[in-house]
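Pasting a structure here, questions to come.
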Amino acid sequence: MKVVIKNGRVIDPSQGIDGVCDLAIEDGKIKEVKSEKSRGKSQKHENNRGTKEIDASGKLVLPGLVDLHVHLREPGYEYKETIRTGTTAAVRGGITSVCCMPNTNPVNDNSSVTEFILKKAASEGACRVFPIGAITKGQKGEELAEMSIMYEAGCVAFSDDGRPVMDSLMMRRAMEYSRILKVPLISHCEDLALSAGGVMHEGLLSVTLGLKGIPPQAEEVMVARDIALAELTGGRLHIAHVSTEGSVALIRSAKKRGMADVTAETCPHYFSITEEAVGNYDANAKVNPPLRSRKDAEAIKQGLHDGTIDVIATDHAPHHRDEKLGEFDFAPSGISGLETSLGLSMRLVDEGVLTYSGLVEKMALKPSGIIGIDRGTLRPGAEADVVVVDCSREYRVDAGEFLSKGKNTPFGGWTLSAKPVLTISLGRIHEWE
Amino acid sequence: MGLKSKDLIGIKALDAADIEQILDTAAGFKDVLGRDIKKVPALRGKTTVNLFYEPSTRTRTSFELAAKRLSTDVINFSVSTSSVVKGESLRDTALTIQALGADFIIVRHSCSGVAHFLANNLDASVVNAGDGTNEHPTQALLDLFTIREKKGIIRGLEVAIVGDILHSRVAKSNIYALKKMGAGVRLIGPPTLVPDVLRDLDVEIYSDMEKGLKGADIVMMLRIQVERQGKGFFPTTVEYFRNWGLTPERLAGAKKSALVMHPGPMNRGVEISSDVADGMRSVILDQVTNGLAVRMAVLYLLAGVRE
Ligand SMILES: [Zn+2]
Ligand SMILES: [Zn+2]
């Protein structure tokens, strides 16, 4: 199959490209990116039969996005999401590679679960799935899981996301041991004693709503601990879903010192909205770590701007409608994020926080580098993961239209402008109006 | 004139005029309660459902009596706390009750926000009888009624609220109500139970009880939940009483005319000494009586909104 995407503004930081180009794809691989100049000469000869031409005039053409932090829920919680629906939603959001967190049932803490996920993804997935294995058996924080066997089965990183490793010695051992694989440990930084019972950011709003607060320090003490352990062990540390100003400062100073191999991610909801979104007990705004203050959100943007934060991931956490209805205290945490991620993140370009290239770095190139996959690029020979984005038309976010089973979003009714209109994933072209 | 919402969820959503109107209406009902025939036909044919997820004989009885004095039918619906998580969903329970034709749903629940949730999902008038650590608006209204009755005016009074502010829905509703009515508010208690951020609501915060009580017109004591002992909020009830218990000596530091209030039930010897609880300046039993009149006023006015 031959495809040419013509006249789009191609953004590919891996090759330093930002300009109107034609992107040629052949046999599922990128063939070439031709700039306007070189294009003029050979245009006539190129109208080969059997080539599908796509006009991307006025649109952006990006490498398919790579999401380091997704909860696909399968196996075990198929009523919330499946590999099929989750990857379909990803593709709708311009994401062509998802890393799925291990907190399924059973937990992805052994190679048979990893193999199940990959098999399912191969037969039903709309995009590539890269499983993340558990650090400890059952995510219980007591014994190391079989990391190298899971690595051979296809795990690209390890994390006890959702149930962080509280025992510092255990975390030290995990970081030391993970060095044999050169893969990152992805740390959900939360001191569970300090956050216990908390359901939102701690502050005046939590007190006046009568909801138990989670102070920013519940995250920051663990960010500090894990950076210290990374310095001690030489292990690779990737800090998940950074939400606070203090965490940004800790990571910035760690990077400056250069003693730890540390990277970090944040999610669109931490720079797009604040604790105010909880409003009158809207459980769709309940997420862990919680939505923070305006100051924190500004610090996250600064961290993205100056490179302290490397990656934008979704922490896509779909839940069933009924679970988010009723008592705020009992609602599970999480936001369905795959289908709003690009639209929300593109606002950072409008605000001058990131350039288009900077954004693609955070959403495609850097995450690929962190897990060591050759994606997030339009280099000739790379997999043809491509997304075409229309930034010219405003649209309203309607959770009812999500392809994800999880309709739990605090962004319903928002007006966004960047929308993927075409995604190429696994050799298939998905087009939408 | 009338209230603006079909529900009474919290003091937060009221303004001074709303509060004033409720208190004035309650004054009228208090006269009725002094008569031989204490019942009025105002809401005959209406149905009130008491939906209590937390046991509370006092509040439930007060609402029940208030509803009956207005001639509504009353159904008591108790749901044990243990079944909250596993049992029927909140929404399903509420819809069932609505299907029974309830006009008023009086709800108490251990989770903040439940009254709000029900109000948004039901046509009936929802009255919050205490949700988690959020609000308990009728308690604050009856406290204000009592203060106004005894002092004539609320504006300009200095009110000290002592105890577990963080977890007290009574304290929260009183803070909002007193500030809206122009009183000064001081919060007194251990720093573990009095969040500093409340200063943003223009209240003073003291951990030293003597300092906090100085010159106060009203001393409002909160019930200390003994279960919090040993959970890191304070070491023992003995030490709590030593630092924040209301004794005659401490009360002497407030104004000579200061009133002592308590929402009940009291822990004598933990937050308040019997000498004070039973003393001349205690208006604790007046609060109970006034609660009835205030709850009648609330139901009566909400019925007016729905009409
Ligand atoms: Zn997490
Ligand atoms: Zn997660």
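So for region A:257-331, what are the equivalent ellipsoid semi-axes in whole Å, largest first, each being the square root of 5 times an eigenvalue of the Cα gyration tensor?
Values: eigenvalues 161, 40, 17 Å².
Equivalent-ellipsoid dimensions as semi-axes: 28, 14, 9 Å.
For the pairs B:214/B:255; A:295/B:180; B:151/B:256; B:30/B:151, flag any whose C-alpha to C-alpha distance is greater than 19 Å. The partial results should precede the final answer.
Working: B:214/B:255 7 Å; A:295/B:180 29 Å; B:151/B:256 13 Å; B:30/B:151 17 Å.
Exceeds cut-off: A:295/B:180.
Report ³J(HN,Hα) in whole Hz for each residue of region A:152-166, in order, from the Karplus equation J = 6.51 cos²θ - 1.76 cosθ + 1.60 where θ = phi - 60°; Gly and Pro get x.
Computed from phi, the couplings for region A:152-166 are 4, 6, x, 6, 10, 6, 10, 7, 9, 3, x, 10, x, 6, 7 Hz.
I've got another one for you. Roughly what percent of Cα-Cα pairs across region B:1-106 reach past 19 Å?
On the way: 3134 of 5565 pairs.
More than 19 Å apart: 56 percent of the Cα pairs in region B:1-106.
Would you mind getting the Kirkwood hydrodynamic radius of region A:64-371 from its Cα pairs, rounded to one decimal in Å?
Details: mean 1/r = 0.0524 Å⁻¹.
Kirkwood hydrodynamic radius for region A:64-371: 19.1 Å.
Would you mind estimating how fast chain B diffuses translationally, via Stokes-Einstein at 37 °C and 0.692 mPa s with the Kirkwood radius over Cα pairs, in µm²/s?
Working: Rh = 19.7 Å.
Translational diffusion coefficient: 166 µm²/s.
Hey, quick one: spin label on residue A:417, modelled 7 Å out along Cα-Cβ, who in region A:53-82 has an amide N within reach, i.e. under 15 Å?
From region A:53-82, the list is A:58-60.
In square nanometres and to one decimal, what's the mean projected area of the convex hull around the Cα atoms of region B:137-287? All intermediate terms of the calculation are to be shown ahead of the outcome.
Working: hull surface 30.9 nm².
Average of the hull's projected areas for region B:137-287 equals 7.7 nm².
Residue by residue through region A:410-424, what is 3J(HN,Hα) from phi via Karplus (6.51 cos²θ - 1.76 cosθ + 1.60, θ = phi - 60°)? Round to whole Hz and write x for glycine and proline.
Here the 3J(HN,Hα) series is x, 9, x, x, 5, 9, 10, 10, 7, 9, x, 10, 7, 10, 10 Hz.
For a quick check, take a GNM of chain A with Cα springs below 10 Å and name the residue from A:89, A:283, A:196 with the largest mean-square fluctuation.
Its mean-square fluctuation being the largest, the pick is A:196.
Now for a different question. If you stretched the chain out fully between residue B:149 and residue B:202, how much longer would it get, using 0.36 nm times the residue separation minus the C-alpha to C-alpha distance? Write out the running numbers ahead of the final one.
On the way: separation 53, 0.36 × 53 = 19.08 nm, distance 2.53 nm.
Working it through step by step, the gained length comes to 16.6 nm.
Show the residues, 5+ positions off or on another chain, whose built amide H is closer than 5 Å to the amide H of residue B:184.
B:156, B:157, B:158, B:159
Something else about it: At 7 Å along the Cα-to-beta-carbon direction for both residue A:32 and residue A:232, put a label point, then send me their distance in nm to one decimal.
A separation of 5.5 nm, rounded to one decimal place.
How large, in Å, is region B:38-162 by the Kirkwood hydrodynamic radius built from its alpha-carbon pairs? Before the final figure, lay out each step's value.
Details: mean 1/r = 0.0636 Å⁻¹.
15.7 Å is the Kirkwood radius here.
Filter the trypsin sites (Lys or Arg not before Pro) in region B:154-193 down to the DSSP loop ones having no more than 12 other Cβ atoms within 10 Å, then list what survives. Before the final figure, lay out the partial values.
Numbers: sites: B:155, B:169, B:172, B:179, B:180, B:186; in loops: B:155.
Answer in residue order: B:155.
Provide the three semi-axes, in whole Å and in decreasing order, of the ellipsoid equivalent to the protein assembly as shown as defined by the square roots of 5 times the Cα gyration tensor eigenvalues. Intermediate values should be presented prior to the final figure.
Values: eigenvalues 660, 164, 99 Å².
Semi-axes, largest first: 57, 29, 22 Å.
Which is the longest stretch in chain A that no exposed loop site breaks, taking sites as trypsin sites (Lys or Arg not before Pro) with a DSSP loop state and at most 13 other Cβ atoms within 10 Å?
Numbers: sites that count: A:49, A:179, A:182, A:393.
The answer is A:183-392.
Which log10 I(q)/I(0) values does region B:50-122 give at q = 0.15, 0.23, 0.24 Å⁻¹ under the Debye formula, counting every alpha carbon as one identical point scatterer?
-0.49, -1.15, -1.23
Beyond 20 Å, how much of the Cα-Cα pair distribution for region A:142-227 remains, as a whole percent?
Values: 1571 of 3655 pairs.
Pairs farther apart than 20 Å: 43 percent.
What is the set of long-range amide H partners of residue A:241 at a cut-off below 5 Å, with H atoms built 1.01 Å from backbone N?
A:265
Let me check against my output: what whole-number percent is the relative contact order of region A:109-238, with C-alpha pairs under 8 Å and at least 6 apart?
Working: 220 pairs, mean separation 27.9, N = 130.
Contact order relative to length: 21 percent.
If you average 1/r over every pair of different alpha-carbon atoms in region A:135-185 and take one over that average, what Kirkwood value in Å do you get? Before the final figure, lay out the partial values.
Details: mean 1/r = 0.0925 Å⁻¹.
About 10.8 Å, per the Kirkwood formula over Cα pairs.
In Å³ and rounded to a whole number, note down the convex hull volume per residue for the Cα atoms of region A:33-181. Working shown, then result.
Working: hull volume 25.3 nm³, N = 149.
Spelled out: Cα convex hull of region A:33-181, divided by residues, is 170 Å³.
What does the charge count near residue B:52 come to, summing +1 for each Lys or Arg and -1 for each Asp or Glu among other residues with Cβ under 13 Å from its Cβ? Write out the running numbers ahead of the final one.
Values: positive: B:58, B:60, B:108; negative: B:54, B:64, B:131.
The answer is 0.
As a test of the formula, what do you get for the protein assembly as shown when each DSSP H run with n ≥ 4 contributes -39,500 (n - 2.57) and the sum is divided by the residue count, at 222 nm and rounded to the nearest 500 deg cm²/dmol? Display every interim value, and only then the final one.
Values: 26 runs with 251 residues, N = 740.
Computed mean residue ellipticity for the protein assembly as shown: -10000 deg cm²/dmol.
Throughout, read-outs are computed from the coordinates displayed, never taken from laboratory work. Predicted model, so just to flag it, every value in this text is computed and none were measured. Quick reminder, even Gly has a Cβ in these numbers, built from the backbone with ideal geometry, and neighbours come from all protein chains shown.
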